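**Student:** Take a look at this one; I'll ask things after.
The values are calculated or read from the model by the stated rules, or taken from the named source; none is laboratory data. If you're wondering where the values come from, they're calculated on a predicted model, not measured in any experiment. Don't worry about glycine lacking a Cβ; one is built from the backbone with ideal geometry, like all the others, and counts go over all protein chains shown. When the accessible area is computed, the model is the full protein with side chains, heavy atoms only, and any ligands, DNA or RNA have been set aside. Shrake-Rupley method; radii C 1.70, N 1.55, O 1.52, S 1.80 Å.
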Amino acid sequence: MPCDGEYKSDVETPSLCLDLNRFEENLEKLQALLPSAGKSWRPQVAYHGTSQLAAAQLQAGAVGLTSGSVAEAEYFASCGFHDLLVTQSPVGSQRIRRIAALCGTTRLLVTCDHYVQAQSLSEECARQGVTCRVLVELNLGSERAGVRPGRDAIELGKGIARLPNLQLCGITGCESSSPEESDLLLQSGQVGAALGVLAHARHMFAKNDLRCDIVSTSGTGAFHRVLASPAVTEIQAGNLVFGTERIFDGGKPEPLERALSLLATVVGRPSFERAVLDVGRTAMGVGSGLPVLRGGTDARVLCVNSDHLVVSLGPVSAEWRIGDRVELEVDFPPLTTPLHRQILCFRGERLEEVWPVHRHGNLI
């Protein structure tokens, strides 16, 4: 286990590392952008799984946290965070009991896209003597979850508003199906169409006297489009603090800094043109494509094994020696952070803090 006073060159690898200077710079940029656009920030905690980072996001102006599971919400509630959105559907008696229990200690929001979910939740909340806040989840084109916009959404909203121990607060929906498709979606106009659906749904809720104080959406890949949408009140984007996603402003990426990396060691040189690193799928949870080496090196990853990377070396990186340290970009933090027990936080090359990672939030 690393301790204060160590340097990057001393820690064991593979290690998940956070550049505190870059992280804080990203926070400052987001802190300036969101309030000026009149948007609240409720970041997704699955991107990091750490209470320390969540606290930093709240200090930077976040109104609460977004969790992908009840277990994750329970963990963050136990750490003292009390304004939580759970995007996991309230289905199943055990899950619904736990949601209702959370309502007794937190200002909980849940999403529903079917009346059966809301009815079961209402009954359990009545048994426990609590009230749960609810957002109607809309299908904005991902075909993954959400009620059909229009009449179905209105009828669901009316049904929730009538149920005891539930409080209808607004609507939510994901404007893109995956972060890596963001630029394609922007070009095709699908993001604009999805935001248009949200705006129309908010108008129809108001027209039918349904409460719609909150209009919440993801906003990671299409950040500036979402930021400019007058209908959206709340953005869940959690990846932006790491600079691992491009955010677009007229087609140009906002200059966020890459703050998260995987530190690895050169453990083999099978040939002049090859090197082997001590990091693989068990430490990086590779998403799409091959990992990218940091620092403008002429080395390129050839293949990923369970515990190793094989790297093709160029004229400069051919000088790598066994024992040298190499950093890789983290492509998609929710796949990587749960594989690690901690995030090592560096100020320059010096280790300043160690943040434990809650690894099992989405598993139960």
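**Student:** Which ones in the stretch 106-144 are within 22 Å of the chain's Cα centre (by Cα) and polar (S, T, N, Q)?
**Tutor:** Of the residues in the stretch 106-144, the ones within 22 Å of the chain's Cα centre (by Cα) are 106-113, 133-144.
Passing the criteria: Thr106, Thr111, Asn139, Ser142.
**Student:** Kindly establish whether Gly296 is in contact (Cβ under 8 Å) with a residue 40 or more places away in the chain, open to solvent by 20 Å² or more (accessible area, probe 1.4 Å) and in a loop (DSSP other than H, G, I, E, B).
**Tutor:** Values: in contact (Cβ under 8 Å) with a residue 40 or more places away in the chain: no; open to solvent by 20 Å² or more (accessible area, probe 1.4 Å): yes; in a loop (DSSP other than H, G, I, E, B): yes.
It is false that Gly296 is in contact (Cβ under 8 Å) with a residue 40 or more places away in the chain, open to solvent by 20 Å² or more (accessible area, probe 1.4 Å) and in a loop (DSSP other than H, G, I, E, B).
**Student:** Could we say that Asp213 is surrounded by fewer than 23 Cβ atoms within 10 Å (Cβ to Cβ) and at pLDDT below 95 here?
**Tutor:** Working: surrounded by fewer than 23 Cβ atoms within 10 Å (Cβ to Cβ): yes; at pLDDT below 95: no.
For Asp213, the condition - surrounded by fewer than 23 Cβ atoms within 10 Å (Cβ to Cβ) and at pLDDT below 95 - is not met.
**Student:** Next question, about the same structure. Could you please give the count of residues in the stretch 216-236 that are surrounded by 24 or more Cβ atoms within 10 Å (Cβ to Cβ), of a type in the set (A, V, I, L, M) and in a loop (DSSP other than H, G, I, E, B)?
**Tutor:** The number of residues fulfilling the criteria is 2.
**Student:** Tell me which residues, restricted to the stretch 257-294, are modelled with pLDDT under 90 and of a type in the set (A, V, I, L, M).
**Tutor:** Met284, Val286, Leu290, Val292, listed by residue number.
**Student:** For the stretch 300-346, name all the residues that are in a loop (DSSP other than H, G, I, E, B) and either of a type in the set (Asp, Glu) or farther than 30 Å from Gly238 by Cα (or both). It would help to see each step written out before you state the result.
**Tutor:** Our first condition is that a residue be in a loop (DSSP other than H, G, I, E, B); within the stretch 300-346, this holds for 305-308, 313-316, 320-324, 330-332, 340-341.
Hits for the stretch 300-346 are Asp307, Leu313, Gly314, Pro315, Val316, Trp320, Arg321, Ile322, Gly323, Asp324, Asp331.
**Student:** Follow-up. Could you say which residue among Leu163, Leu195 is among the hydrophobic types (A, V, I, L, M, F, W, C) and at pLDDT 95 or above? Steps first, please.
**Tutor:** Values: Leu195 fails: at pLDDT 95 or above.
When all the criteria are applied, what remains is Leu163.
**Student:** Yes or no: the stretch 78-94 includes at least one residue that is of a type outside the set (A, V, I, L, M, F, W, C) and farther than 21 Å from Cys125 by Cα. If you could, list the steps in order and put the result at the bottom.
**Tutor:** Within the stretch 78-94, the first condition is being of a type outside the set (A, V, I, L, M, F, W, C), and the residues that meet it are 78, 80, 82-83, 87-90, 92-94.
From what's left, farther than 21 Å from Cys125 by Cα: 80.
Within the stretch 78-94, one or more residues are of a type outside the set (A, V, I, L, M, F, W, C) and farther than 21 Å from Cys125 by Cα.
**Student:** Identify all residues within the stretch 314-364 that are of a type in the set (A, V, I, L, M), surrounded by 14 or more Cβ atoms within 10 Å (Cβ to Cβ) and modelled with pLDDT of 90 or more; write none if there are none. Before the answer, list the steps.
**Tutor:** At the first step, the residues of the stretch 314-364 found to be of a type in the set (A, V, I, L, M) are 316, 318, 322, 326, 328, 330, 335, 339, 343-344, 351, 354, 357, 363-364.
Next, only the ones that are surrounded by 14 or more Cβ atoms within 10 Å (Cβ to Cβ) stay: 318, 326, 328, 330, 335, 339, 343-344, 351, 354, 357.
If the condition is that a residue be of a type in the set (A, V, I, L, M), surrounded by 14 or more Cβ atoms within 10 Å (Cβ to Cβ) and modelled with pLDDT of 90 or more, then Ala318, Val326, Leu328, Leu339, Ile343, Leu344, Leu351, Val354, Val357 are the ones that fit.
**Student:** If only one of Gly80, Gly49, Gly68, Gly61 is at positive phi, in contact (Cβ under 8 Å) with a residue 40 or more places away in the chain and of a type in the set (Gly, Ala, Ser), which one is it? Steps first, please.
**Tutor:** Working: Gly80 fails: in contact (Cβ under 8 Å) with a residue 40 or more places away in the chain; Gly68 fails: at positive phi; Gly61 fails: in contact (Cβ under 8 Å) with a residue 40 or more places away in the chain.
None of the other options fit; the residue is Gly49.
**Student:** Of all residues being modelled with pLDDT of 95 or more and over 21 Å from Trp41 (Cα atoms) in the stretch 124-146, which is least open to solvent (accessible area, probe 1.4 Å)? Just the residue, please. Please lay out each step first, then the result.
**Tutor:** Let us first name the residues in the stretch 124-146 that are modelled with pLDDT of 95 or more, namely 124-138.
Now restrict to residues that are over 21 Å from Trp41 (Cα atoms): 124-131.
Working: Glu124: 20, Cys125: 0, Ala126: 55, Arg127: 165, Gln128: 75, Gly129: 65, Val130: 21, Thr131: 80 Å².
Once the filter is applied, the top-ranked residue is Cys125.
**Student:** Name, by its number, the condition in (1) within 19 Å of the chain's Cα centre (by Cα); (2) open to solvent by 30 Å² or more (accessible area, probe 1.4 Å); (3) at pLDDT 90 or above that does not hold for Glu254.
**Tutor:** It is condition (3) that Glu254 fails.
**Student:** Looking only at the stretch 146-154, decide whether some residue is of a type in the set (Val, Ile, Thr) and within 26 Å of Ala54 (Cβ to Cβ).
**Tutor:** No; the residues of the stretch 146-154 include none that is of a type in the set (Val, Ile, Thr) and within 26 Å of Ala54 (Cβ to Cβ).
**Student:** Those residues that are within 17 Å of Val147 (Cα to Cα) and either out of contact with any strand residue (DSSP E or B) (no Cβ under 8 Å at 6 or more places or on another chain) or surrounded by 23 or more Cβ atoms within 10 Å (Cβ to Cβ) (or both), I need them from the stretch 189-198; list them, please.
**Tutor:** We begin by selecting, within the stretch 189-198, every residue within 17 Å of Val147 (Cα to Cα); these are 193-198.
If the condition is that a residue be within 17 Å of Val147 (Cα to Cα) and either out of contact with any strand residue (DSSP E or B) (no Cβ under 8 Å at 6 or more places or on another chain) or surrounded by 23 or more Cβ atoms within 10 Å (Cβ to Cβ) (or both), then Ala193, Ala194, Leu195, Gly196, Leu198 are the ones that fit.
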